[in-house]
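Right, one structure below, let's go through it.
The values are calculated or read from the model by the stated rules, or taken from the named source; none is laboratory data. Every value quoted in this text rests on a predicted model; they were computed, and no experiment measured them. So basically every Cβ, Gly included, is an ideal-geometry build from the backbone, and we count neighbours across all protein chains shown.
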Amino acid sequence: MNQYLCPVLLSLGLVWGGGEQGLQATAWASPGTDVFQAFTQHIGAQIGKDKQEFAIADSCTVYFYQLWNKKARPEVERIHFSPLSRTGLNLDCGKLFPEGLEQAREAFGNMQQRLSLSLTFYQMALVGDGDDNEEYSAHEIHDLLDAFRLPFQEGRPLGGYMKVLMGVFDSVRRDVEFKFLMDGIQVLMNKGYRFTEADQQALNLELK
């Protein structure tokens, strides 16, 4: 399955006018929309942090590799050495990773794994919106909870599941439970959910 994302922002009043603006505002205020937006934006915020941490670890790993390679060269050449990390990020890799290359490499591998998990989880959140209307119906929330092995309580306001879903993401990411996540995606797939072109476009934007 592909990996990419982005919360889709609809601009009020730019497309519809007059009474239609009221209808648009009502749609955005619906509990199912609130849950979808909160859930995807929560994951998206973590993806942003993961990308930054990944870039830092990647840049410092390159820095330490280049520094290591320079050690065998004449002292005069070291004066002209300009770390690759400085071209994109203003980093002090020596302070960030006092243990040097191995610590940076370990951080790189760890952040690569966590970023991949966050992106895959975001993909699942998009797939859970089966009709791509940027809103979770009661049925869709029921299926998402089932995929996470959690109960759905009939009659409970949909907004009440907002923190439940965000909590699942936080827990799965903290423990890096890839198998649990992939098993959940398979549950949705077995019920007929699919990764659509709209989902792909949203995911593509998240990776920019």
Self-check item: Sole residue being of a type outside the set (Val, Ile, Thr), closer than 30 Å to residue 30 by Cα and either surrounded by fewer than 15 Cβ atoms within 10 Å (Cβ to Cβ) or touching a residue at least 12 places away in the same chain (Cβ under 8 Å) (or both), chosen from 197, 106, 102
Solution: 197
Quiz item: Can you pull out the residues in region 160-196 that are over 23 Å from residue 47 (Cα atoms) and assigned to a helix (DSSP H, G or I)?
Solution: 160, 187, 189, 190
Quiz item: Can you find even one residue in region 18-34 that is part of a loop (DSSP other than H, G, I, E, B), at pLDDT below 50 and either within 18 Å of residue 137 (Cα to Cα) or not basic (Lys, Arg) (or both)?
Solution: yes
Quiz item: Is one or more of the residues making up region 128-143 under 18 Å from the mean Cα position of the chain (by Cα), part of a helix (DSSP H, G or I) and not small (Gly, Ala, Ser)?
Solution: no
Exercise. Working only within region 144-159, note down all residues that are outside any loop (DSSP other than H, G, I, E, B) and modelled with pLDDT of 95 or more.
Key: 144, 145, 146, 147
Quiz item: Among all residue pairs at least 6 apart or on different chains, which show Cβ distances below 7 Å where the first residue, located in region 47-60, is touching a residue at least 24 places away in the same chain (Cβ under 8 Å) and more than 17 Å from residue 120 (Cα to Cα) and the second is assigned to a helix (DSSP H, G or I) and among the polar types (S, T, N, Q)?
Solution: 59/85; 60/85
Practice problem: Scan region 146-155 and give yes if some residue there is touching a residue at least 60 places away in the same chain (Cβ under 8 Å) and surrounded by fewer than 20 Cβ atoms within 10 Å (Cβ to Cβ), otherwise no. | Solution: no
Quiz item: With 176, 168, 172 as the choices, which residue is buried (at least 16 other Cβ atoms within 10 Å of the Cβ) and within 21 Å of residue 207 (Cβ to Cβ)?
Solution: 172
